[in-house]
Amino acid sequence: MSRAFLLALQFLTRLPMPAGPAPTPLELGRAALAYPLAGLVIGGAMWALAAALPTAPVLPLAATLLAWWALASGGLHLDGLADAADAWAGGHDRERALAIMKDPRAGPIAVMVVVLVLIAKFAALAALLEAEHRLPLLVAPAFGRAAILLVLLRLPYVRPQGLGSPLAEHLPRRAAWGVAAAVLVLAAFVDALLALAAALLVLAWLCRTLRTRLGGTTGDTLGAAVELTEAAWLLGCALG
């Protein structure tokens, strides 16, 4: 297993991984290229479970898949979505928004947004399972983690001492464009262009909003990008 892939799994999942030396900032940047592969691991487990239980009731199976999806990452991206939602609602200026995202407490807006995203994912999973269309389950987590690359390629990281600062500083940009493009091509072949267009529109809106409100991105808003693009992609697949 390559060092970059191992670091991606360690950072983005709660799967048991062998311990190793502490990563350098350069290694953290390179590990971002493997983020979509880490997503494929999560999606591959969902696809395999759905394929292994073709006669299972749709709603309980959809709930099981959604629980695995959230727990596999330790709720990392949902936490970022919640913090970003609170900052969006209460951060009337840049500094206030950044301060809110550092507050571990979740407000009612955060809870509402997380619940709505989870409902959207659950409904889309149920529809796809009902239609026996399982490939989007494999691709969705990879698509969401490719969104991290796309946001970092478009926006500066605004917390100099933040968790994602070495990632943004040492990201191999040309290779990152290639990885993101490969995931987009894969997504286009898996389902109708409606799903791809929906996810890219959501991502474009998010990047524009972040540039206007914050002047860039943070770790929390990267988590929000993952969750929102995953939900948009799945809904597009279910509706397409």
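The values are calculated or read from the model by the stated rules, or taken from the named source; none is laboratory data. Fair warning: this is a prediction, and the values are worked out from it, not measured in the lab. Glycine gets a Cβ as well: all are built from the backbone with ideal geometry, and neighbour counts include every protein chain shown. What goes into the accessible areas is simple: the full protein's heavy atoms, side chains included, and nothing from ligands, DNA or RNA. Shrake-Rupley method; radii C 1.70, N 1.55, O 1.52, S 1.80 Å.
Observations on the structure shown:
- The single residue among A197, A175 that is touching a helix residue (DSSP H, G or I) at 6+ places or on another chain (Cβ under 6 Å) and either part of a loop (DSSP other than H, G, I, E, B) or open to solvent by 40 Å² or more (accessible area, probe 1.4 Å) (or both) turns out to be A175.
- Any hit, the stretch 35-52, residues being farther than 15 Å from P141 by Cβ and touching a helix residue (DSSP H, G or I) at 6+ places or on another chain (Cβ under 6 Å): no
- Selection status of T229, in contact (Cβ under 8 Å) with a residue 60 or more places away in the chain, surrounded by 17 or more Cβ atoms within 10 Å (Cβ to Cβ), more than 15 Å from G43 (Cβ to Cβ) and β-branched (V, I, T): no
- Residue selection: F122 fails the criterion of being touching a helix residue (DSSP H, G or I) at 6+ places or on another chain (Cβ under 7 Å), among the aromatic types (F, W, Y) and crowded, with 21+ Cβ neighbours inside 10 Å.
- Filtering the stretch 136-163 to residues that are in a loop (DSSP other than H, G, I, E, B) and buried (at least 21 other Cβ atoms within 10 Å of the Cβ) leaves only L155.
- From the options A225, A199, A187, residue that is modelled with pLDDT of 95 or more and of a type outside the set (S, T, N, Q): A225
- Long-range neighbours under 6 Å by Cβ, at least six apart or interchain, first residue closer than 14 Å to E227 by Cα within the stretch 69-98, second open to solvent by 60 Å² or more (accessible area, probe 1.4 Å): G74/R14; A82/A106; A85/I109
- Test: V183 is within 17 Å of F11 (Cβ to Cβ), in contact with a helix residue (DSSP H, G or I) (Cβ under 8 Å, 6 or more places away or on another chain) and in a helix (DSSP H, G or I): no
- Number of the exception - H170 against (1) open to solvent by 20 Å² or more (accessible area, probe 1.4 Å); (2) free of Cβ contacts under 8 Å to residues at least 40 places away in the same chain: (2)
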